[in-house]
Amino acid sequence: MIQQFRRFGAGLSDVTERWVPDAWVISMMLTAVASLLCIFGAGATVEETVLAWGDGVWSLLGLAMQFTIAMVAAHACAASPPIYRFFNWLASLPNPSKPVQALVLAGMFSLVMGYLNWAVCLVSCALFTPFILRRNPNVDVRLLICASYLGIGTVWHGGLSGSAPLILATPGNPLINPSSGAPIVDRLYPVTETLYNNFNLVFICILGAVALATTCLLHPRSGARTLSAEEIEKILPTPPKEDGPPRTPAEYIDQFRGWVLLAVVLLAYPLGYSIVTKGFGTSWTINAYNITFLVIALLLHGRAPSFLRACRNGVDSAWGIVVQFPFYAGIFGLMQNTDLGEWLGSFFSNIATTATYPWVVYVYSGLMNLFVPSAGSKWMIEAPFLIPAGELLNVSVVTTTLAYAYGDSVTNLIQPFFAIPILAVTRMRFGDVVGYTFLVAVVCFMVTSVAMFMIPPQW
């Protein structure tokens, strides 16, 4: 049975690699589909549709910048000299003669990083994997990549950086204060109601454990695919550049640690004050999350030149967010400025019941994630009709949001977009690993499907 799943997963990967286009092209395909639905489903004219799209295209710039900073700050954290040394030490802990221990280490690291920060997870796991390979040459490289990929495929959207819950908790977000049209929600939803919901905390712990156990069970007793010492040396990350002694007045000024400390105080004090006076649940928003990781990055680098170099390199990893968000915002504009959202909401409320609606949202979100891999932008597309449809069925905003989050996570395991960093570092093809990630995704899908029929419709 496992061999059949492996062959099916490899075949599926070959099909997707051949037929699935770039994410930006997919956004335009979705724009075309949404426009046709506006015209033939929601009854809008062609002119009304075009103008609605144009009204929305710049409506998510604030959100796009927030997620761009998140990616840059995560890269700056992972690329600091202390983290490089930490990776080298941590990779030495497993017994090289027991490759499953390397899988456990990679998987636990990925799950922890995924819970803390999706962007940190992507970057740090990609950088950490070669260190594990060097210290554990007998581990199957395909399963090691699978284990390193678990965080982004299981726990991240129920963790501290979950896009949908953080958007709902952020003041002035487009769902409560849209640039045009009626609000989707009538209040903010602090993370204490979503990310720190008891159901969510228990669920992501169980799902992460099941995913890791499945990965470990798949490691072959013999015939593991490994890399040679020469191949491993080629993929090891270059150590971060250390700043030499200053030679000019400008370099003395640049390397003065006081600038970093000043930035840390200016960033951290207002956040700390807000947490003390208003509480963590109210204070933990996208902005607070970005402040936290900017502060960590600044402290890890210690001096401005090192921090800025890491940020410049991190911008390269964030270009997809910058380019794609305006076009997804256009689709959001179609939802907000025509009757498309109401029409889709009625469709979903008609095919589901109160008991089945969380599972329907979960499956729909997972399928859409294969085409729109940006969770934040996809939530802005889907929330305008998923939330009202849920309310019609007496399903709370919290339940709808969590169901969306779980669906968005699970198909990341078979979504090549988020695998780009680790595949680029290890020089592997997605087709090499998707047979294993597909099997893990199937197990996660079954576990989560059961959970969706157990989640309370109202809180």
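Below are the figures for this structure:
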read-out: Helical segments meeting 30 Å axial Cα length and Kyte-Doolittle 1.6 threshold in the chain (DSSP H); value: 430-452
read-out: Dipole magnitude (debye, nearest 20) for the chain, charges at Cβ of Lys, Arg, Asp, Glu; value: 1580 debye
read-out: Charge dipole (the chain, unit charges on Cβ, about Cα centre) - positive-most of W359, N200, F40; value: N200
read-out: For E230, net neighbour charge (Lys/Arg +1, Asp/Glu -1) across residues whose Cβ lies under 14 Å away; value: +1
read-out: Approximate spin-label separation L93-Y273, in nm, with each point projected 7 Å along Cα-to-Cβ; value: 3.9 nm
read-out: Exposure proxy ranking, count of Cβ atoms within 10 Å, fewest first, for D140, D243; value: D243, D140
read-out: Charge context of G281, other residues only, Cβ under 15 angstrom, K/R +1, D/E -1; value: +1
read-out: Relative exposure of Y273, Y189, Y84, judged by other C-beta atoms within 10 Å (fewest first); value: Y273, Y84, Y189
read-out: Ranked by how many other beta carbons lie within 10 Å on average, peptides 351-360, 25-34 from highest; value: 351-360, 25-34
read-out: Separation between Cα centres of the stretch 59-90 and the stretch 415-459, rounded to whole Å; value: 22 Å
read-out: Local electrostatic count at V72 - Lys and Arg +1, Asp and Glu -1, tallied over other residues with Cβ under 10 Å; value: 0
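Read-outs throughout are calculated quantities, based only on the coordinates presented, and are distinct from any laboratory measurement. Here the structure is a predicted model, which is why all the values come from computation and not from measurement. Glycine gets a Cβ as well: all are built from the backbone with ideal geometry, and neighbour counts include every protein chain shown.
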